[in-house]
Amino acid sequence: MTPSAGERKALARRRRQLMQAVGDGAIVIVPAAPERIRSRDTHYPYRQDSDFWYLTGCAEPEAVLVLVPGRRHGESLLFCRERDPEREGWDGPRLGPDGAVDALGMDDAYPIADIDDILPGLLEGRRRVHYHLGRDADFDLKLIGWINRVRAQVRQGAQPPQEFLELGHLLDEMRLVKSADEVKLMQKAADISVLAHRAAMRAARPGIHEYELQAAVEHVFRLHGAEPAYASIVGAGGNACVLHYRDNRAKSRDGDLVLIDAGAEYRGYAADITRTFPVNGRFTREQRQLHDLVCAAQAAALAQARPGVAYEAGHDAAVATLTEGLLSLGLLSGGLEAVIARGDYKRYYRHKTGHWLGLDVHDVGEYRIDGESRLLEPGMVFTIEPGLYIPPDDASVPAKWRGIGIRIEDDVLVTRDGHRVLTGALERSADEVEALMAG
C-alpha cells in the first residue's frame, strides 16, 4: 500500500511543517516500529508506529526517518531495507531505497544496513536532537552510541549535539488537528464501524456467545479493507460492567444487555464506537431507563462540542446529567451539587467522557494547558462516551438494577461552527435500536 500522489504531497507538507517548527540546527529522528514476537518464531501482526506513518506513509519495519532542516543535499532522508528477492519471496515485496524516493517523495534514501556509517555524520554539527527518548530502549542505545562517536571526534573539530528534545510536544500538536484528507479517512473508518455494529445487532439472539458477535463485527471490518483499531469488547450481562472486558467467551442469556465497544482502523485511522442493546431485541423497563439516561448525558456533552469551549465542559455536562438521573431513580441520594462535589457518581460512572481520536484510538495531544482545560478547535476529533455500570453484586440497590452496564460512544469532529458526529448514522436511542433489531 503506497501513498497516492495527493498523499505524498500531504506527507511532504507535514515534514516541512515539522522542520519549520524545530528550526535550523536541529535534526529529527523517527524510527519505525519494531516487529514483535508473539510466540517462538511467529510475530504479532505488524502495525507501524503512528508518528512514522504520519510523516512517511511507509508501512515497513526496519526503517528510520531523518529530517535535517536546511541540508543542501536533501532534508528528508529515509533508511530502509534493501530489495532482496530471496526474503521478499518469504515476506513480501520491499520498497528499497530507490523505491522509497519515488513512492514516498523522500529527498534521498539509504540501506538500513548503512545507518551506522551515515547517521553520525548527519548528527555532526546539529545542536538539537528531536527524538522520542524512552519509547524504544534498543534504539535509544543505538542513538547514544552514534552521538558518542561524534563526541569522540571533538578534538578533531567535530560538533556534537548539545540537547535532546522530546519530539512529542511538536508532533502531537500537529497530529491533534486533522486535515480535510485525514477527516475523510476517519469518516471511512466510522462508516465501516457503523455497518459492523449493525451486523452484530442483527445477529444477536439469546444464547449467542460474545465471540460470535465479535466475529460478526470484525467480519465487516475485514470485508471493507479495515481491521480492528483495538481489541473488541463484547460484554453480555454483568460483563458489560467491566470497562476493559476482553475475554469475550461468555454465552448470553435471554434478558441480557450486550455492550460492544469496537472500531475499525482504515489506512491507519481509528474509529471508536460503543453501543449497548438487548440480546432479545427488547429493553426491560429498568434497562431502558438507564439507557435513556446515558443517551441524555451524551446529548448534554455533545452540546458543548464547539470551538472555544473547554474540552472538560463535555464531561462536566455528562456528569451533571447522569447524577441528576441517578438521584431521580433512587440510585443515589442527597443534593445534586453535594453529590457531584463528593464524587458519589463515580460509584457507577468511573471514567472520563471521551478522548482524542486519530491514528491512535487514544490519540496524542494535551488535554490541559497551563493547568486549564484546553479549548476545542476546528479539526480536533474526540469521542463522547458516557456510561453507567451497576455491578451484579451491588447489594445496596434493588435487584432489578444489578448487572446493568451501558455505554454509548460516538466520534465527534469539531467544525468551524459547531461539530459533526462522524458515527451519527448508527442507531442510538432505545427505540432506534429496537427497530433495527426487529427489522
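Checking each residue of region 246-269 against the condition of being of a type in the set (D, E), assigned to a helix (DSSP H, G or I) and closer than 30 Å to D393 by Cα gives no match. In the condition set (1) of a type outside the set (A, V, I, L, M); (2) assigned to a loop (DSSP other than H, G, I, E, B); (3) free of Cβ contacts under 8 Å to residues at least 60 places away in the same chain, P3 is compliant with all but (3).
The set of residues in region 32-69 that are out of contact with any strand residue (DSSP E or B) (no Cβ under 9 Å at 6 or more places or on another chain), more than 30 Å from L357 (Cβ to Cβ) and either in contact (Cβ under 8 Å) with a residue 24 or more places away in the chain or not basic (K, R) (or both) comprises S39, D41, T42. Out of all the residues in region 368-385, which are in a strand (DSSP E or B) and open to solvent by 70 Å² or more (accessible area, probe 1.4 Å)? Matches in region 368-385: R368, I369, E372, L375.
Somewhere in region 386-394, is a residue touching a Ser or Thr at 6+ places or on another chain (Cβ under 8 Å) and part of a loop (DSSP other than H, G, I, E, B)? So far as region 386-394 goes, yes, one or more of its residues are touching a Ser or Thr at 6+ places or on another chain (Cβ under 8 Å) and part of a loop (DSSP other than H, G, I, E, B). Would you confirm, using the coordinates I've provided, whether G365 is over 21 Å from A299 (Cβ atoms), under 22 Å from the mean Cα position of the chain (by Cα), open to solvent by less than 10 Å² (accessible area, probe 1.4 Å) and not hydroxyl-bearing (S, T, Y)? When the stated conditions are applied, G365 does not pass them.
So that you can scan it fast, the table gives a plain yes or no per residue for (1) modelled with pLDDT of 95 or more; (2) crowded, with 20+ Cβ neighbours inside 10 Å; (3) farther than 14 Å from I406 by Cβ:
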{"residue": "E227", "(1), (2), (3)": "yes, no, yes"}
{"residue": "V234", "(1), (2), (3)": "yes, yes, yes"}
{"residue": "G238", "(1), (2), (3)": "yes, yes, no"}
{"residue": "V242", "(1), (2), (3)": "yes, no, no"}
{"residue": "R249", "(1), (2), (3)": "yes, no, yes"}
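Residues in region 323-354 that are surrounded by fewer than 17 Cβ atoms within 10 Å (Cβ to Cβ), in a loop (DSSP other than H, G, I, E, B) and within 25 Å of the chain's Cα centre (by Cα): R350, H351, K352.
The values are calculated or read from the model by the stated rules, or taken from the named source; none is laboratory data. Bear in mind that the values here come from a model prediction, so they are computed numbers and not experimental data. Glycine also receives a Cβ, built like all others from the backbone with ideal geometry; neighbour counts cover every protein chain displayed. Heavy atoms of the whole protein, side chains included, go into the accessibility calculation; ligands, DNA and RNA do not. Shrake-Rupley method; radii C 1.70, N 1.55, O 1.52, S 1.80 Å.
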